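J.: First the structure, which I've put down as structure tokens, then a few questions once you've had a look.
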There are 2 protein chains.
Amino acid sequence: MHKQPLAIRIEKKKQMSKTRKFRLGAFIQATGHHVSAWRHPDSQADAGFNFEHYKEITQTAQRGLFDAVFLADSPGVWGGAPETQKRNGKLVHFEPVTLFSALSAVTQNIGFIATASTTYEEPYTLARKFASLDYLSNGRAGWNVVTTGNENAAANFGLQHHPEHSQRYERAEEFVEVVKGLWDSWDDDAFIRDKESGIYFDPDKLHTLNHKGQHFSVKGPLNVGRPPQGYPVIVQAGASEAGRDLAARTAEVIFTANQTLADAQEFYADVKGRLVKYGRSPDDLKIMPGAFPIIGRTEEEAQEKYEFLQSLIHPDVAWGILKTYYKGVDLSKYSLDDLAPELPNETNNNKSRLKLVKDLATRGTLTLRQLYLALATARGHRTILGTPETIADQLEEWFNNGAADGFNIMPPILPTGLDDFVNLVVPVLQKRGLFRTEYEGSTLRENLGLRRPVNQFTVKQLDERLVLA
Amino acid sequence: MHKQPLAIRIEKKKQMSKTRKFRLGAFIQATGHHVSAWRHPDSQADAGFNFEHYKEITQTAQRGLFDAVFLADSPGVWGGAPETQKRNGKLVHFEPVTLFSALSAVTQNIGFIATASTTYEEPYTLARKFASLDYLSNGRAGWNVVTTGNENAAANFGLQHHPEHSQRYERAEEFVEVVKGLWDSWDDDAFIRDKESGIYFDPDKLHTLNHKGQHFSVKGPLNVGRPPQGYPVIVQAGASEAGRDLAARTAEVIFTANQTLADAQEFYADVKGRLVKYGRSPDDLKIMPGAFPIIGRTEEEAQEKYEFLQSLIHPDVAWGILKTYYKGVDLSKYSLDDLAPELPNETNNNKSRLKLVKDLATRGTLTLRQLYLALATARGHRTILGTPETIADQLEEWFNNGAADGFNIMPPILPTGLDDFVNLVVPVLQKRGLFRTEYEGSTLRENLGLRRPVNQFTVKQLDERLVLA
């Protein structure tokens, strides 16, 4: 696709990058993103319930001028056979919105993007807690909208089966609309609080949603004022057809998983192209692929770090990873050094991720060992390995070639993996003029360069007045 | 009932009080408990979304060695005619669990008791967020279990009607059992985190609830470890027949509303008497009536403070308060100086509070003005007015005469109403040996003198082993 050497391609785009800056998220999964991160001598094995640990890494991300920290979530324990499950350091952890509320009290600039499910939550409850987090943090909240990939969640909410992919996306669309409607319950200037007259708010600036739809009937108003950002930043991660369309309609940030520049470019162009049909401009949506960085002072040190991490994977964990993807396939006749067989087609769980793994498996020459080693790092996200300079090169290549507006950095282990990025890579990005040297604004929305949404009821009232005039 | 003068009665009980200490909660409702608190020159009118305000008052409560701060909640906006509603300073505010999570990061000892609804939440979601708060605060969380009195909530959750009182209590009982079962998903020592062997937890110490009941079907396990306190402290406020029984079965603290010593004694004896049938001892439940203190350096100053507060009530607000209780009664033929007519019987909303107001109204000689003035202070809770010494006397009288184990202090305005209590009344209580001079423990449970509950699955396993042996 790109015939010119990397250095020339970067040079060509320098002009463009003068004004455009990287967006950076720090995906702060407890002990780190490597499947066996918790076994690493430098990792904090009890990270999932260690507030001081999260405080340290979030303050590190803020020192590194990241836009936001990010947490994944599902309302259930991840399954697996006992011999694999007992080796999983990621089953238990803080609930993200409570954790981020606490972290908001000990930070000033960094944003907080929490995952929450449209399949297993109620719009009123979700709208409230994110609005509350937005007030607590003075405008630093973001909601990563997911329909939930963890099928174990269903049985925790009285359901026999995890709803079908298409049903989940239908519900998600309506859910997001309801939540936005609730966030618009009050005009930004509804609260007068005039002690003299005793009038607390202007009743003309209170809007009752009265939503009645396919999945929800929600009257409102919300018992929280309009969030400081209007709406907390809307984030998405799904990359299936339905996911891309929902993102183009509602998302302001996408965290995506791409392995190759070509795939990332296809995704970037496709999703940005969909925005116009929803009356949005390409700048209204920031696309941030995940990147799992292994940083060494030399290439050799980075390679050694990588191999040490991979050596921590117990064989039971290796087979556990493979079985997650080869559902219904009998793997007992294979050894880890056999070529990876073809993957099954049917799934109700994370369609876009399956496609990606399929691409890996069918690129033709991977053994099962190579496949699990590829998946063990960042579950299909891109691994970038090297010195601070070459890590920066790899990020810049995607940024300057229509594949990314920034990256969601996934440290292999925490806290040291994030320390390395902030101490070693961020200064390189800054020197190249690719990344901020101070926060531009005070809200997440301002730092990401996103517009503050206008209250939908105010817009309607203006429209009505224009019609009358 | 008590013929001896107050001073003698207090003397008689001094011996007893040497070992028994007051429990104190601070009910930190945004601008304060008086219905027009927000209009007071000293109040923080935007308190509902002012984190610095909550930080200040929570740190004040901690300086005063309170056991906990407490917040009421319902998932809906309180209604009322627009002319009353627009004067209400309590419609919008932080969601309590997110607020308390943030406050946990800036405090060390004080507990956090958040109200959450068994009618409008899901057990899995609720169990998670309270367990998470318990970890964030290192064992300082409490859950005030309510079935929700605010009928407006129903329409926010797709329901035509707020469920009936008896249905709500049936669901509440099962809800609490499910939540406790989820908190017991992991043994206290389930997590080994052995980096050498790669084993993160002992699978024998993971318990899947598999609950299937009348209202809920919840498999588990919870994706949060067993909370530091075993269970966050279980609190209740309902005082109806169903409420008292649920409390005797499950509550560890009751916040109650009583106006007279005799009523408080009846409640105290009745609820403590119910404990034995659930295998519990009287000490397993602390009864803490609400108290709305108006504190002056002299009685006259206190009286002036009280009258100034009452003067802030706009007539529309006065009629609004009365209409809340006189549902279906045409009040238009009455003036505020007429005797209060009898109250209607039927209600689906807060039965115990209605009885209390009824008692006030039918004590015979109150005018409608006197009734609303009585309700305007603390919605039926006891008002205590005087100097620090006489305030302490009034609290001590109940504490020493089988009416209370402590009190939930409801400052008329915030922050100054709490400042007064901590600066002026707490030292008097301490001098009398009635209140701690330092925190006894590090968890809310330890400070309240409550036992840490044993994991129900551990108990079952022990029982099974005993049977086998």
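Only the coordinates and a few stated rules stand behind these numbers; no lab work does. What you are looking at is a predicted structure, and each value in this text was computed from that prediction instead of being measured. Counting neighbours? That spans all protein chains shown, and the Cβs are built from the backbone with ideal geometry, glycine included.
J.: Go ahead and collect, in residue order, the members of region A:373-396 whose backbone nitrogen is under 18 Å from a label point 7 Å along the Cα-Cβ direction of A:Ser335.
T.: Residues A:373 qualify, since their backbone N sits under 18 Å from the label point.
J.: On a 0 to 90 degree scale, rounded to 10, what angle separates helix B:165-183 from the longest Cα axis of chain B?
T.: Result, in degrees: 40.
J.: Roughly what angle does helix B:6-19 make with the longest principal axis of chain B, taking Cα atoms, 0 to 90 degrees, to the nearest 10?
T.: Approximately 10 degrees, to the nearest ten.
J.: For chain B, how big is Rg over Rh, using alpha carbon atoms and the Kirkwood form of Rh? Could the numbers behind the result be given before it?
T.: Working: Rg = 22.7 Å, Rh = 23.3 Å.
The Rg/Rh ratio comes out at 0.97.
J.: Right, something else. In the protein assembly as shown, how does Rg compare with the Kirkwood Rh, expressed as the Rg/Rh ratio over alpha carbon atoms?
T.: 0.99
J.: Taking the Cα atoms only, what angle lies between the long axis of helix A:241-250 and the longest principal axis of chain A, rounded to 10 degrees?
T.: Result, in degrees: 40.
J.: Moving on to the next point. Which GluC sites (Glu not before Pro) does region A:252-344 hold that lie in a coil by DSSP with at most 13 other beta carbons within 10 Å?
T.: On the way: sites: A:Glu252, A:Glu266, A:Glu299, A:Glu300, A:Glu301, A:Glu304, A:Glu307, A:Glu342; in loops: A:Glu252, A:Glu342.
Within region A:252-344, the qualifying GluC sites (Glu not before Pro) (loop, at most 13 other Cβ atoms within 10 Å) are A:Glu342.
J.: Here's a follow-up. In nm, to one decimal, how far is the B:Tyr439 label point from the A:Ala262 one, both placed 7 Å along Cα→Cβ?
T.: For the pair B:Tyr439/A:Ala262, the computed spacing is 6.0 nm.
J.: Kindly write out, for region A:386-403 in residue order, the coupling ³J(HN,Hα) from the Karplus curve 6.51 cos²θ - 1.76 cosθ + 1.60 (θ = phi - 60°), rounded to whole Hz, with x marking Gly and Pro.
T.: After applying 6.51 cos²θ - 1.76 cosθ + 1.60, I find x, 8, x, 5, 6, 4, 4, 4, 5, 5, 4, 4, 5, 4, 8, 10, x, 10 Hz.
J.: Average projected area of the Cα convex hull of region A:265-306, in nm²?
T.: Taking the Cα atoms of region A:265-306, their convex hull projects to 4.2 nm² on average.
J.: Moving to a separate point now. Considering only the label points, 7 Å along Cα→Cβ from Cα, what distances in nm to one decimal separate B:Lys323 from the same position in each other copy, shortest first?
T.: Here B:Lys323 shows inter-copy label distances of 6.4 nm.
J.: How far is A:Gln214 from the same spot in each other copy, in nm, shortest first, if each label point sits 7 Å from Cα toward Cβ?
T.: So the distances to the same position in the other copies read 3.6 nm.
J.: Could you bin all the Cα-Cα distances of region A:374-469 into 5 Å bins starting at 0 and give me the percent of pairs in each, rounded to whole numbers?
T.: In order of increasing distance, the bins hold 2, 10, 14, 17, 16, 11, 6, 5, 5, 5, 4, 3, 1 percent.
J.: Same structure, new question: Give the average, rounded to an integer, of partner chain Cβ atoms located within 10 angstrom of each Cβ in B:212-222.
T.: Details: counts 1, 0, 0, 1, 3, 6, 4, 9, 5, 6, 5.
Taking all residues of B:212-222 together, the mean is 4.
J.: Have a look at the DSSP beta bridges in chain A and tell me what percent are antiparallel, nearest 5.
T.: Values: 6 of 40 bridges.
Within chain A, antiparallel bridges account for around 15 percent of the total.
J.: How far is it, in nm, from the label point at A:Lys212 to the one at A:Phe308 when both lie 7 Å from their Cα along the line to the Cβ?
T.: Inter-label distance under the simple model: 6.5 nm.
J.: How far is A:Arg297 from the same spot in each other copy, in nm, shortest first, if each label point sits 7 Å from Cα toward Cβ?
T.: The answer, with the shortest distance listed first, is 6.8 nm.
J.: Using a 10 Å cut-off on Cβ to Cβ distances, tally the other chain neighbours for every residue of B:154-161 and report the average as a whole number. Walk me through the numbers before you get to the answer.
T.: On the way: counts 1, 7, 17, 8, 10, 1, 1, 0.
So the per-residue partner count for this stretch is 6.
J.: According to the square roots a ≥ b ≥ c of the eigenvalues of the Cα gyration tensor, what is the shape class of region A:118-207, taking rounded for a/c under 1.5, prolate for a/b larger than b/c otherwise, and oblate for the remainder? Don't skip to the answer; put the middle values down first.
T.: Numbers: a/c = 3.16, a/b = 2.66, b/c = 1.19.
It comes out prolate by the Cα gyration axes.
J.: Using helices alone, I'd like the mean residue ellipticity at 222 nm for chain A: each DSSP H run of four-plus residues gives -39500 (n - 2.57), total over residue count, nearest 500.
T.: Numbers: 17 runs with 186 residues, N = 469.
After summing the helix terms and dividing by the residues of chain A, the value is -12000 deg cm²/dmol.
J.: Report, for the protein assembly as shown, the % of DSSP beta bridges that are antiparallel, rounded to 5. Intermediate results must be reported in sequence, preceding the final value.
T.: Numbers: 12 of 80 bridges.
Beta bridges within the protein assembly as shown, antiparallel portion: roughly 15 percent.
J.: Taking just the alpha-carbon atoms of region A:170-237, what radius of gyration and Dmax come out, in angstrom?
T.: Answer for region A:170-237, Rg first and Dmax second: 14.2, 49 Å.
J.: Just to confirm my numbers, what's the Cα centroid distance between region A:396-455 and region B:378-448 in Å?
T.: Comparing the Cα centres of region A:396-455 and region B:378-448, I get a distance of 51 Å.
J.: Would you tell me the mean number of C-beta atoms belonging to other protein chains that fall within 10 Å of each C-beta in A:97-109, as a whole number?
T.: Numbers: counts 6, 18, 6, 3, 15, 13, 4, 5, 9, 3, 1, 0, 0.
For this peptide, the per-residue mean of nearby foreign Cβ atoms is 6.
J.: So what's region A:124-270 giving for Cα Rg divided by 2.2 N^0.38 Å, two decimals? Don't skip to the answer; put the middle values down first.
T.: Working: Rg = 18.3 Å, N = 147, 2.2 N^0.38 = 14.7 Å.
Region A:124-270 yields a ratio of 1.25.
J.: What percent do you get for the relative contact order of chain A when only Cα pairs under 8 Å and 6+ apart count? Could the numbers behind the result be given before it?
T.: Numbers: 837 pairs, mean separation 112.0, N = 469.
Contact order relative to length: 24 percent.
J.: State the Cα centre-to-centre distance between region B:177-226 and region B:239-293 in whole Å.
T.: So the two Cα centres are separated by 32 Å.
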